[in-house]
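First comes the structure, then the notes that go with it.
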Amino acid sequence: MEYNDFDSLLNLKSYSVEYDVLSALKKEGLTKNDFIEICTRLERSPNRTELGMFGVMWSEHCCYRNSKPLLSKFPTTGKNILVGPGENAGVVDLGDGQRLAFKIESHNHPSAIEPFQGAATGVGGILRDIFTMGARPIALLNSLRFGPLDNQKNIGLIQGVVSGIAHYGNCVGVPTVGGEVAFDSSYSGNPLVNAMALGLMETDDIVCSGADGINFPVVYVGSTTGRDGMGGASFASSELSQSSLDDRPAVQVGDPFLEKGLIEGCLEAFQSGYVVAAQDMGAAGLTCSCSEMAAKGGVGIELNLDLVPAREKNMTAYEFLLSESQERMLFVVQPGKEDLVMNIFKKWGLCASVVGKVLKENIVRVIHENNVVVNLPADALAENTPINAHSLMKDIPEEILMHWKWKESSLPLPTYQGICINSNNKLVNWNQILLKMLDDPTIASKKWIYHQYDYQVQNNTILPPGSADAAVIRLRPINSGESDSIRGIAAVVDCPNRWVSLDPERGAIASVAEASRNINCVGAIPLAVTNNLNFASPEDNLGYWQLAKSCEGITKACSFLGTPVTGGNVSLFNETTLSDGNKKPIQPTPVIGMVGLIDDIDCIIRQGWINPGDHIYLIGVPLSSSNGQVTLSATSYLSNIFDLITGRPPLIDLQLEKSAQLLVNTLISEKLINSAHDVSDGGVLISLSESCISSGLGITCNFPHSDNRLDKILFGEGGSRILVSISPEKRNNFIQTVNKINDTFMDSVPFSLIGKVNDLATIEINIDDKKIIDLSISDITKTYEEAIPNRIHSSTLDND
């Protein structure tokens, strides 16, 4: 029977409840329509515990009720894809009998309230997604966003988050090998903490989550269950407000040493062949694990809470089911093998208990204190969940159109001497401009961050953070006695959030393109993508339009570049409710995590120059381009120098992008280039500076004459540009090879000599025979490396 009127439904005697429905719905993040839908499906009203289960399982965090139709359009298949969206992690085939599991997830709201534990448990959660599949974690990356570092609260957030990531990753023994960090005022009060993990499969069969085997025992393993993390999934699916501190108990508390034992126990148990299905207890805890295992297996699960190891007394069924205590797993095990499996975990000092069984009927039945307290259809909780209908704006939002009308001609005209950046017409020279750009924490060195991470543990990290465009891990065989391997995996996370805020489709395309470009710049072949879609409220027309257009951009770019999406995470309602009641949304941030395969790690290259005298080439869109592929719109230059975030970012030519990446990858494999570095945030001058800083070597560049604005040549942004350096003796071979490869393309990839590496420890840029930049490498390095620590240290002193 269906009901359309909430009040009429409650007046029916058969649907009366013993709790305040409106208060309960508000607590669980459910609507009146949700309650009507629940009653319609059950043909009765839910009890208070059941309502709590629906609250977490019907949250955006668990069921993607606002985003599922958009996600369904992603390309998800390919020759290397073994497991796509829907499981705990995606899995790709690496050949040679090796398979890689990888995924990215967010822990944004918990990190805003309790930055250390929020970030730490985010790392723990993504690691469980990996080893639940039967893979040994081999690497971690992260994508972080914070408000400006002139604010003490933002400094406290970055200190807590970085400490939490370092603590968990270092203690559990998985290297944190890469990442990206950006700063913008929109993230003040709502930081983003996205954690990505990679793992090598150790089992012959991929361990999936769908339960199977009627009457097979259900086994709980790991830590005990307490009251921490209550309602975390619902908390993660609502905006942050001044009262969010009251939700501090919703932040979980992790123990990386228990997780280490859980990793070893799980991998040993999976290798036994006795585990039929496995699911970690992350968001929504026992509720989510038993519901998803039942729904995906097309069976039911009976769970006896009286048998669940508890760390606190007198816990209610509601508390057991919604607890998000960390380091816990749920298995379905072959009958008669329970003790063998449980003894593995007890050996590691972990709890293990048979807590239920698989049912033929597709239900979730929960027993507490010898009473049935929950009896719900599994599909209603985990598979057949509500989809919120949203209408996509047909017209481009007016606030976006206003930005697109901005023109470069509205800026002061640059000269060879510099540019006037304020009303008093004071000229600022290009040396000063470059140093100011390098002092931007988004561009500057992240050494203060990654030096807190153990990136060498496991002894497979080939390139340390900050030395190349992507992290590289040796693919050392796990189960054989071989200690050496020439193959590797490259991984990266990317998102130009400023671009996305001004054009979500073009920005998302750029996010995929830049990730793929970075993978290619170390000599890897891109394989697949995992994404973390961080957006504001989809209930706002602009917010949903940004989400939808970003998904379109990801679909286009991934389809064209041949990088299928294997899964990921959606984090919505990333906005802060201010004291005046207004909501401040974040810049939309669709983070792309990408992995690539390296056949020979001896061929990989870094971003820093190698030898004085090497020639520097720009591959891709030339400095003289005037076709709109490189602009000052949406640039870091515009933001840093003129305090403007406006304009329309350029549309990346995906054909040129793909060709340029393939060209550079081939040159790397043939050992014709010594270094490669993509041109992205800050333009070509920032990329040149970064290569100087990485190597300690200087450059002398003579840019060709161009009708473009001088600042556009130096700081313009766009896709499809890569800086490479070559040995002089290989120049002829380099040019011949480039021309030969270009003959195979429909449109040739431009390439031009722009300078040479020197040993003078200076960076010198000339345009039209005029010296524009003349700085010592020590000066730019000092500015670049001290930008973040100086701000943090200065704030600390101010508060002493």
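The values are calculated or read from the model by the stated rules, or taken from the named source; none is laboratory data. As the structure is a computational prediction, the values presented were derived from the model and not from experiment. Counting neighbours? That spans all protein chains shown, and the Cβs are built from the backbone with ideal geometry, glycine included. These accessible areas exclude ligands, DNA and RNA; they are computed on the full protein's heavy atoms, side chains included. Shrake-Rupley method; radii C 1.70, N 1.55, O 1.52, S 1.80 Å.
Observations on the structure shown:
Residue-by-condition table, conditions (1) modelled with pLDDT of 95 or more; (2) under 19 Å from Asp454 (Cα atoms):
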| residue | (1), (2) |
| --- | --- |
| Phe102 | yes, no |
| Gly118 | no, no |
| Phe146 | yes, no |
| Asn151 | no, no |
| Ile165 | yes, yes |
| Val172 | yes, yes |
| Ser186 | yes, no |
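- Considering (1) of a type in the set (A, V, I, L, M); (2) open to solvent by less than 10 Å² (accessible area, probe 1.4 Å); (3) closer than 29 Å to Ser639 by Cα; (4) out of contact with any Phe, Trp or Tyr (no Cβ under 7 Å at 6 or more places or on another chain), the lone condition that Leu775 does not fulfil carries the number (2).
- Flag for Leu714 being in contact (Cβ under 8 Å) with a residue 24 or more places away in the chain, open to solvent by less than 30 Å² (accessible area, probe 1.4 Å) and outside any loop (DSSP other than H, G, I, E, B): yes
- Residue in region 47-62 that is farthest from the chain's Cα centre (by Cα), counting only those that are surrounded by 24 or more Cβ atoms within 10 Å (Cβ to Cβ) and part of a loop (DSSP other than H, G, I, E, B): Trp58
- Region 63-74, subset open to solvent by less than 30 Å² (accessible area, probe 1.4 Å) and of a type outside the set (Ser, Thr, Tyr), residue nearest to the chain's Cα centre (by Cα): Phe74
- For region 294-308, the candidate set comprises residues that are closer than 10 Å to Asn362 by Cα and in a loop (DSSP other than H, G, I, E, B); within that set, the residue that is most open to solvent (accessible area, probe 1.4 Å) is Gly298.
- Residue identified as open to solvent by 30 Å² or more (accessible area, probe 1.4 Å) and part of a strand (DSSP E or B) among Leu94, Leu82: Leu82
- Pairs with Cβ under 6 Å, 6+ apart, first in region 280-296 and more than 15 Å from Ala89 (Cα to Cα), second of a type in the set (Val, Ile, Thr) and not in a helix (DSSP H, G or I): Cys290/Ile301; Cys290/Val364; Ser291/Val364; Ala294/Ile301; Ala294/Val364
- So Asn733, is it polar (S, T, N, Q), in contact with an Asp or Glu (Cβ under 9 Å, 6 or more places away or on another chain), over 24 Å from Tyr416 (Cα atoms) and part of a helix (DSSP H, G or I): yes
- Criterion (assigned to a loop (DSSP other than H, G, I, E, B) and either touching a residue at least 40 places away in the same chain (Cβ under 8 Å) or over 30 Å from the mean Cα position of the chain (by Cα) (or both)) met by exactly one of Glu399, Glu312, Glu319: Glu312
- Residue within region 201-208 that is in contact with a Pro (Cβ under 8 Å, 6 or more places away or on another chain) and not in a loop (DSSP other than H, G, I, E, B) present: no
- The criterion of at least 1 residues that are free of Cβ contacts under 8 Å to residues at least 60 places away in the same chain and open to solvent by 20 Å² or more (accessible area, probe 1.4 Å) is met, among helices (runs of 4 or more DSSP H) falling completely within region 418-532, by 430-438, 504-521.
- Residue list for region 745-787, filter: within 17 Å of Ser695 (Cβ to Cβ) and among the charged types (D, E, K, R): Lys756, Asp759, Glu764, Asp779, Lys782, Glu785
- Checking each residue in region 736-771 for being under 35 Å from the mean Cα position of the chain (by Cα), loosely packed, with under 14 Cβ neighbours inside 10 Å and either assigned to a helix (DSSP H, G or I) or aliphatic (A, V, I, L, M) (or both) picks out only Met746.
- Ser579 being surrounded by 22 or more Cβ atoms within 10 Å (Cβ to Cβ) and hydroxyl-bearing (Ser, Thr, Tyr): no
- Enumeration of residues in region 520-544 that are closer than 27 Å to Arg721 by Cβ and among the aliphatic types (A, V, I, L, M): Val522, Ala524, Ile525, Leu527, Ala528, Val529, Leu533
- Condition met for Ala119 (within 17 Å of the chain's Cα centre (by Cα), surrounded by fewer than 24 Cβ atoms within 10 Å (Cβ to Cβ) and either free of Cβ contacts under 8 Å to residues at least 60 places away in the same chain or over 30 Å from Arg487 (Cβ atoms) (or both)): no
- Taken over region 322-354, residues that are surrounded by 24 or more Cβ atoms within 10 Å (Cβ to Cβ) and assigned to a strand (DSSP E or B) amount to 7.
- For region 138-191, residues that are farther than 18 Å from Leu533 by Cα, open to solvent by less than 10 Å² (accessible area, probe 1.4 Å) and part of a strand (DSSP E or B) total 4.
- Pair list, Cβ under 6 Å, 6 or more apart: region 545-568 residue farther than 13 Å from Ser67 by Cβ and open to solvent by 10 Å² or more (accessible area, probe 1.4 Å), other residue part of a helix (DSSP H, G or I) and among the hydroxyl-bearing types (Ser, Thr, Tyr): Leu561/Ser516
- Condition met for Val161 (touching a Pro at 6+ places or on another chain (Cβ under 7 Å) and modelled with pLDDT of 95 or more): yes
- Single residue of region 207-241 satisfying the filter (among the aliphatic types (A, V, I, L, M) and modelled with pLDDT of 90 or more) that is farthest from Gly52 (Cα to Cα): Val207
- Among (1) modelled with pLDDT under 95; (2) within 30 Å of Thr415 (Cβ to Cβ), the one test that Met437 misses: (1)
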